[in-house]
Amino acid sequence: MAYGPWGLLLIGLIDSIGVPLPATIDALLILIAAKAPGQAYYAASLAVLGSLAGNLALFQTARYSGQRAGRDSEPDKPSKLSAWLRRYGLITVFVPAATPILPLPLKVFVVSAGALRTPLSKFLVVILAGRILRYFGEAFLGARLGAGAQGFLQHNKWTLLTIPIAVAALSYLVIQWIGRRSLPSPTESVESVSS
């Protein structure tokens, strides 16, 4: 609390790099927003920046380590986590990034995304979207509900878990639908080959 919103930047960075500080940033953000509602969104912005920087460092470390491991050894059978990430894509990163409910292991999915060489721009967009939704939502609750915001989060944890999952599922379906529409139909493929 002594560092105020700047403390959130530091804690967000430390937590996202890999030092586990479960729910610390969430509780501190709500507390700052409750005590100083005028600084709520400024504090949320710094929390997002700290988390983004930490997750980027973890992602890049995993990507570099994955490239080195790929050169040094034969590729093994992919783990269940890698298979899950390949199947569902960055939805596996978005849901824990956006949800303040424990235990959703964001760091595990960040490392997997880096090791699987997920495009950096897509990764950054997903982390940014998840963290903005989470931290600005908590800042809003802290500013509106004060000390009761933490109780609100606990009381509505399943609803809060459902919202990012629904957003992620809808995004996945839309991406799949757009992907199918952009593929040429079998008749278009035959016509292009014959001409």
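The relative contact order of region 5-186, computed from alpha carbon pairs under 8 Å that lie at least 6 residues apart in sequence, is 30 percent. About its Cα centre, what dipole magnitude does region 5-186 give when the only charges are +1 on Lys and Arg Cβ and -1 on Asp and Glu Cβ, stated in debye to the nearest 20? My answer is approximately 480 debye.
Couplings 3J(HN,Hα) of region 88-100, computed from phi: 9, x, 6, 4, 5, 8, 5, 4, x, 5, 9, 9, x Hz, in residue order, whole Hz [Karplus 6.51 cos²θ - 1.76 cosθ + 1.60, θ = phi - 60°; x for Gly and Pro]. Each residue of region 7-13 is assigned a 3J(HN,Hα), and the resulting list reads x, 5, 4, 5, 5, x, 5 Hz, derived from the Karplus form 6.51 cos²θ - 1.76 cosθ + 1.60 (θ = phi - 60°), x at Gly and Pro.
Modelled label positions at Tyr3 and Ser171, each set 7 Å beyond Cα in the direction of Cβ, lie 2.8 nm from each other.
Between Trp158 and Ile14, the FRET efficiency estimated from the beta carbon spacing at R0 = 25 angstrom works out to 0.30.
Taken together, the values in this text are just the output of simple stated rules run on the coordinates, not laboratory data. Note that the structure is predicted; figures quoted are calculated from it, not measured. For neighbour counting, all protein chains shown are included, and Cβ atoms are generated from backbone atoms with ideal geometry for every residue, glycine included.
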